[in-house]
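Right, one structure below, let's go through it.
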Amino acid sequence: MTDSATQGELQRLRDSIDNIDAALIHLLAERFKCTQQVGALKAKAGMPPADPTREGAQIARLRKLAETAKLDPEFAEKFLNFIVTEVIRHHMAHRDGLKK
């Protein structure tokens with residue numbers, strides 16, 4: 001059994017984690033609002049959903065940011081790739097919606 005000081009510290013840290021998780025969700029929501037607009041613009045202009053040049057530049061930029069922040073760059077890249085895959089899926093949906 002742990003003492004009350006340890007339990008208090010554990011709760012404090014968990015509360016901080018919960019606050020950070022909430023902030024991440026709100027930031028992702030804002031990011032996806034912007035990427036939805038990008039997808040609509042691309043669809044109207046007949047542009048492809050994916051932009052490998054931009055995606056590569058973003059990965060390189062975020063890997064550097066991760067290193068500076070003392071975050072594993074591999075993790076940062078995997079996280080961005082996950083987001084980009086979802087963004088492209090949304091962009092394709094915009095494109096396909098205009099084709100109908």
What residue, of K70, K44, is assigned to a helix (DSSP H, G or I) and exposed (fewer than 13 other Cβ atoms within 10 Å of the Cβ)? K44
Against the definition (modelled with pLDDT of 95 or more, assigned to a helix (DSSP H, G or I), aliphatic (A, V, I, L, M) and within 30 Å of L98 (Cβ to Cβ)), how does I25 come out, yes or no? yes
Can you work out which of the residues in segment 47-67 that are out of contact with any helix residue (DSSP H, G or I) (no Cβ under 6 Å at 6 or more places or on another chain), of a type outside the set (K, R) and in a helix (DSSP H, G or I) is farthest from G97 (Cα to Cα)? L65
Within segment 1-28, considering residues that are closer than 30 Å to V84 by Cβ and among the acidic types (D, E), the one nearest to the chain's Cα centre (by Cα): D21
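The values are calculated or read from the model by the stated rules, or taken from the named source; none is laboratory data. None of the values given here were measured: they were computed from a predicted structure. FYI the Cβ positions are ideal-geometry reconstructions off the backbone, even for glycines, and counts take in every protein chain you see.
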